[in-house]
1. Taking amide H atoms as placed 1.01 Å from N in the peptide plane, list the residues 5 or more away in sequence, or in a different chain, whose amide H sits under 5 Å from that of PHE67.
2. What size of dipole, in debye to the nearest 20, comes out for the chain about its Cα centre when the only charges are +1 on Lys and Arg C-beta atoms and -1 on Asp and Glu C-beta atoms?
3. Rank-order 100-106, 68-74, 349-355, 237-243 by packing density, defined as the average count of other C-beta atoms within 10 Å over each peptide's residues, highest first.
4. Go through 86-95, 332-341 and give me the packing order, highest mean Cβ count within 10 Å leading.
5. Assuming R0 = 22 Å, can you tell me the calculated FRET efficiency for the pair PHE555 and ASN297, based on Cβ-Cβ distance, to the nearest 0.05?
6. Express in nm, to one decimal, how much length is gained between ASP568 and ASN497 on full extension, taking 0.36 nm for each residue of separation and deducting their alpha carbon distance.
7. Residue by residue, what Karplus-based ³J(HN,Hα) values in Hz, rounded to whole numbers, does the range 75-86 have, using 6.51, -1.76 and 1.60 with θ = phi - 60° and x for Gly and Pro?
8. By how many nm would the segment from LEU181 to TRP358 grow when fully extended, if each residue of separation counts as 0.36 nm and the alpha-carbon distance is taken off?
Amino acid sequence: MNYLKTVDNEFYRQRLSGPLIIITVSFIILISRLFYLQIIEGHKYFIMSENNCIRLQVLTAPRGLIFDRNNKLLVDNRPSFDVSVVPKDALPFNYVLSKTANFLNMDQKELIRKVRSAKGIGIYKPMMIKKDVGRKSLASIEVNKYDLPGVIIDVNPKRHYLQKSAVHLIGYLGEINSKQLKMNKYKEYKRGDFIGKCGVEKIYESAMRGKRGGRQVEVNVTGQVLRVIDTVKPQPGNNIFLTIDIDLQKFAQDLIKDNNGAIIAMNPQNGYILCLVSSPLFDQEIFLGGMSQEQWNSLVNDKNKPLQNRAIQGRYPPGSVYKIVTAMAGLEEDIFDCNEKLDCPGFYRFGNRIFKCWKRQGHGSMNIIDALAQSCDVYFYQLGQKLGVDRIAHYSKKCGFGSLTGIELDHEEQGLIPTSEWKKNAKNEPWYKGETLSIAIGQGYNEVTPLQVANLISAIGNGGILYKPQILKSIKTVEGWLVKDNKPVIIGRLPANNKTMRLIRTGLWNAVNKPGGTAYWTARSKKYDIAGKTGTAQVVGMKKQQKDGKSLKRFEDHAWFAAFAPFDYPEIAVVVLVENGGHGSSTAAPIAKKIIKEYLGNKK
């Protein structure tokens, strides 16, 4: 028995000796190799690991382009050479940043402080120090790049605004701020990104932005790229096609010249905006390069308010253009028969006050069509007295005044349509009947925007349909695939029957085409059948309009003209407002006439 156990042990000992020898030899080789790599060659490989590492670089996506309705390019992208620094690689730190600051004409101490303060964000992440550097600075950095470890030059797309006449419509880009970075809709953005701040650039930010890409690279100790390991290409943003005609936009801008005001042209058959001008203009480019506090203060404190989009944000008394609403209310409420005539001696006595007509000698006897054509104040004083402020307000609101039109642009104002209840709440005073006379002719507390007037005159032209004003025609990918095709949107109808509409349209046609009409000498065209309404809105009382015998520009009346053409089937509606421009017939009407002729002439 013992003999058998001895034989078995010997057998297993012989079987295990082979694997044990192999394992032992393997460990000896492994330990020897580790000793060689870590002890003998350790310093060498430590230096190599320090000198080379893998990093991710962001590739900015080209922003979508903006075109007009005829596919003319309005906003493009151009290459921008941007300088960044990786704090980890910029060694010696002060030397590298001081030298870089000299090449970029920047303050050395300020640049060092700025980069030091950003180290906590990530010492391996590139920090933007200057965008869109000039060729001279670029050449200096390239020549001295071996003395500037950690300094990187990237080529990124930068916005290029080709058309300066549509700045309020198109808007501009600005750097994203800390507050916006915390918002959920900007969760994919990072510090230093530019986003739309107003206008089309802001409204369609998500459509135009695109999706950033990246690449994995191997860099050495100075941050220089040794090789590209992998690349994910950025996805360009979608292109935006607007409803505006840029040639008409430029034409209108040239007509308003240096005056403050607004011009809007739209298609009455669908609500598409053909041009939207606000004057004065401002330079979009200054927002892209990083605006100084001095530049910002200059814009904000400018008495002409260039940043305000007067077409949708300006609140003005509508003047005699508002008589369209008063006439509509009177006809619908059967206050006067359409053929009933009232006498205008040049004034109207109400209580112990005298309300004057703009025509001192008076208009004589006239019906409602004549009153619209010749803009008789006395006729509308009496009509307004019969209606009362609340009934006028009801029709005014149904015409779209006192509420937002719904246009895609930000910060649209809704204006003000007063009622007796409004005055009680806002002024803690009752409504006086004499105030209604001023309201009836578009003065008093009335405030409207040029866009609201444009929507009204468009609806008068097309037979009563209120369309939502739209600036977007379509959105397409860079390959041309349709993403969105905008359709007309009906938001309401004028509170008028066919007979009322016919009478009002006749009054507006007579205003332009019959002798005695307020726009007969300034808006009548032999080629195009134009109908419209003039308006002269008083800014201050007559006593304040004169000082030392001279009229002050800021006290002069606002000039209005609202028109559509051709009369039978309108293709364009135009509203012109010139701040402190005087009379609507002499200042605003000729501008509108030229815009209509330009547009219809080009179409044919």
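What follows draws every value from the coordinates through simple rules; no lab data is involved. Note that this is a predicted model, so its numbers are computed, not measured. In this analysis, Cβ positions are derived from the backbone assuming ideal geometry, glycine residues included, and neighbour counts consider all displayed protein chains.
1. Amide H to amide H, under 5 Å and 5 or more residues apart or across chains, PHE67 pairs with LEU74, ILE240, PHE241, LEU242.
2. So the dipole magnitude of the chain works out to roughly 320 debye.
3. Numbers: 100-106: 18.0, 68-74: 15.7, 349-355: 10.6, 237-243: 24.0.
Output ranking for 100-106, 68-74, 349-355, 237-243: 237-243, 100-106, 68-74, 349-355.
4. Top of the packing list down: 86-95, 332-341.
5. 0.20
6. 23.8 nm
7. Result, rounded to whole Hz: 9, 10, 10, 10, x, 10, 8, 10, 9, 10, 9, 9.
8. On the way: separation 177, 0.36 × 177 = 63.72 nm, distance 5.62 nm.
Length gained, LEU181 through TRP358: 58.1 nm.
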